[in-house]
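Engineer: First, the structure itself, so that you have it in front of you.
The values are calculated or read from the model by the stated rules, or taken from the named source; none is laboratory data. A quick note: this is a predicted structure, and the numbers were derived from the prediction, not measured. Cβ coordinates were reconstructed from backbone atoms using ideal geometry, including for glycine residues, and neighbour counts include every protein chain displayed. When the accessible area is computed, the model is the full protein with side chains, heavy atoms only, and any ligands, DNA or RNA have been set aside. Shrake-Rupley method; radii C 1.70, N 1.55, O 1.52, S 1.80 Å.
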Amino acid sequence: TADVGKVGFAPPDCSLITDLPFLRPVVTGSLVIIGASTGGPQALMEVIPKLPVGLPACVIIVQHMPPNFTRYLAERLDGRSPLNVREAGEGDPIGPGEIYMAPGGMHLFLGERLKRPVVTFLDKNRNQKTACPSIDFALTSYAPVFREKLIGVILTGMGRDGAAGSVTVKKFGGRVICQDRETSMIYGMPGAVAGDGLADRVLPLGEIAGGIVEAVERVGSGVAVNEH
């Protein structure tokens, strides 16, 4: 297990922490943030349709894709899933039963409306070198409010996006699940998280959905989510 106070990572392009402590008492259910890049659309087609109706969690998908392509992917996932899947919009409420796809070309952050957690966006700065949408940005923004109710899931992809965000998830008591090497098209992103000792579970693709459901149930039962 990594000492999250000692794991280093590159400085971000902007302030990522969204600390809205007054939102914590109104947070209901868990939040699952799934990050993916190369090979992600195929992996998501395996994971999302297996998530059951009644899952007491909101699911946010952060897939590295250009604008418009994310909307088409959300529509494809929606057609195969028992839960509703759609591209996120500004001000969408974060609550159980929702599955949102982060729009390509926009960073996704935690906002608030009427003292409730909602989705908000930030345009990519042309000087930023990070992927957009960024998995790190999303995880790091939501972790301080959702804390132990946040479950980060890192699927196949090139690079290290998700590693810095996983540090923050663990710092605030959340849980991290990674796809294993054998089933990843590219083991860069999940490998970086697992290699830094930040993964609570490393699972084959076919078991990721079950791992998510189990982690959500642990949060609901009050079991400490940072237990292995």
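Engineer: Looking only at residues that are within 14 Å of the chain's Cα centre (by Cα) and hydrophobic (A, V, I, L, M, F, W, C) in region 95-116, which one is farthest from residue 69 (Cα to Cα)?
Structural biologist: Only one residue tops the list, namely 110.
Engineer: Anything in region 68-92 that is open to solvent by less than 50 Å² (accessible area, probe 1.4 Å) and not β-branched (Val, Ile, Thr)? List them, or say none.
Structural biologist: 73, 74, 77, 81, 83, 88, 89, 91, 92
Engineer: Further question: Suppose the filter is outside any loop (DSSP other than H, G, I, E, B), over 17 Å from residue 140 (Cβ atoms) and open to solvent by 10 Å² or more (accessible area, probe 1.4 Å); does residue 194 pass it?
Structural biologist: Considered against the rule, which asks whether it is outside any loop (DSSP other than H, G, I, E, B), over 17 Å from residue 140 (Cβ atoms) and open to solvent by 10 Å² or more (accessible area, probe 1.4 Å), residue 194 comes out as yes.
Engineer: Right, here's the next one. Evaluate the following for residue 138: is it aliphatic (A, V, I, L, M) and more than 12 Å from the chain's Cα centre (by Cα)?
Structural biologist: Against the criterion (aliphatic (A, V, I, L, M) and more than 12 Å from the chain's Cα centre (by Cα)), residue 138 does not qualify.
Engineer: Which of the residues spanning region 157-178 are within 13 Å of the chain's Cα centre (by Cα) and within 18 Å of residue 48 (Cβ to Cβ)?
Structural biologist: Residues satisfying the conditions are 162, 177, 178.
Engineer: Quick one: residue 121 ticks every box in (1) modelled with pLDDT of 95 or more; (2) surrounded by fewer than 19 Cβ atoms within 10 Å (Cβ to Cβ); (3) of a type in the set (Phe, Trp, Tyr); (4) in a strand (DSSP E or B) bar one, so which box is it?
Structural biologist: (1)
Engineer: Can you name the condition, by its number, that residue 50 falls short on among (1) in contact with a Lys or Arg (Cβ under 7 Å, 6 or more places away or on another chain); (2) open to solvent by 10 Å² or more (accessible area, probe 1.4 Å)?
Structural biologist: (1)
Engineer: Further question: So which of 184, 221, 166 ends up being among the hydroxyl-bearing types (Ser, Thr, Tyr), open to solvent by 10 Å² or more (accessible area, probe 1.4 Å), in contact with a helix residue (DSSP H, G or I) (Cβ under 8 Å, 6 or more places away or on another chain) and at negative phi?
Structural biologist: One residue alone meets the criteria, 184.
Engineer: Among 95, 159, 104, which is the only one that is in contact with a helix residue (DSSP H, G or I) (Cβ under 9 Å, 6 or more places away or on another chain), surrounded by fewer than 24 Cβ atoms within 10 Å (Cβ to Cβ), in contact (Cβ under 8 Å) with a residue 60 or more places away in the chain and outside any strand (DSSP E or B)?
Structural biologist: Just one listed residue meets the conditions, 159.
Engineer: Is it the case that residue 148 is without any contact (Cβ under 8 Å) to a residue 60 or more places away in the chain, surrounded by fewer than 22 Cβ atoms within 10 Å (Cβ to Cβ) and not in a loop (DSSP other than H, G, I, E, B)?
Structural biologist: No; evaluated as a whole, the condition is false for this residue.
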